[in-house]
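Report on one structure; see the data block that follows.
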Amino acid sequence: MPKSARFAASFLSVLIALPLAAADLRQLKEPAKIASVFPAAAKVRVLNVWAMWCVPCVAEMPDLRAIDDAFGAELAIAGVTLDDMLPDAKSAETAKFLDRHRIAFPNVYYTGNADDLGDRLRFSGEIPVTIVFDRKGNELWRHEGRLDREKTIARLRETLRRMQ
């Protein structure tokens, strides 16, 4: 094999092994600041509350990634992980999980009081929960439990259509 071909093959193997991007994981303690992770341009904002220790939460990660991929700038997804609720939890482990699952949308590593978050988002703590807001922060709808990818995409498209 010529030297240039070996170099190209080596270079490509290194590129393939590198992760595409590091997880966008932001530590926040105040529930009111969670809205700041959404881009201003997004008409619809999807907030998913989850944790690595929650089996249905982990199972729906590929669905959330697909939902994120199905839309442009008019819709933004963000996650809020409750991993910090467990003793000895580390945000680095959550970041590794997000990288492993190739989650590109921003996630909040919530370090505040769980009751304050529940009060702010009006949920009792059962996860996963997905809450859809307009850009002004008005709740449009919510889903408790694991999402159905196709039904959620259809409902989000309908939500966007009605907003035009």
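The values are calculated or read from the model by the stated rules, or taken from the named source; none is laboratory data. Quick caveat: nothing in here was measured; it's all calculated off a predicted structure. All Cβ positions, even for glycine, are placed from backbone atoms using ideal geometry, and neighbour counts span all protein chains on display.
Applying the set (1) part of a helix (DSSP H, G or I); (2) of a type in the set (Ser, Thr, Tyr); (3) within 23 Å of PRO31 (Cβ to Cβ) to SER124 leaves exactly one unmet item: (1). Flag: GLU93 matches the condition of being out of contact with any Ser or Thr (no Cβ under 9 Å at 6 or more places or on another chain) and assigned to a helix (DSSP H, G or I). Scanning segment 97-118 for residues that are in contact (Cβ under 8 Å) with a residue 24 or more places away in the chain and in a helix (DSSP H, G or I) gives PHE97, LEU98, ASP99, ALA114, ASP116, LEU117. With respect to (1) farther than 14 Å from VAL49 by Cα; (2) at pLDDT 95 or above, the lone exception for ASP88 is condition (2). Restricting attention to segment 65-96, the residues being under 17 Å from THR159 (Cα atoms) and either in contact (Cβ under 8 Å) with a residue 24 or more places away in the chain or of a type in the set (S, T, N, Q) (or both) number 9.
Scanning segment 79-90 for residues that are more than 16 Å from the chain's Cα centre (by Cα) and assigned to a loop (DSSP other than H, G, I, E, B) yields LEU86, PRO87, ASP88, ALA89, LYS90. Scan segment 58-83 residue by residue and report those that are among the aliphatic types (A, V, I, L, M), under 15 Å from LEU98 (Cα atoms) and out of contact with any strand residue (DSSP E or B) (no Cβ under 9 Å at 6 or more places or on another chain). Answer for segment 58-83, where residues must be among the aliphatic types (A, V, I, L, M), under 15 Å from LEU98 (Cα atoms) and out of contact with any strand residue (DSSP E or B) (no Cβ under 9 Å at 6 or more places or on another chain): ALA59, ALA66. From the list ASP88, ASP84, ASP116, the lone residue that is more than 21 Å from LEU147 (Cα to Cα), buried (at least 18 other Cβ atoms within 10 Å of the Cβ) and not aromatic (Phe, Trp, Tyr) is ASP84. In segment 92-113, of all residues being in contact with a strand residue (DSSP E or B) (Cβ under 8 Å, 6 or more places away or on another chain) and over 17 Å from CYS57 (Cβ atoms), the one that is surrounded by the fewest Cβ atoms within 10 Å (Cβ to Cβ) corresponds to THR111.
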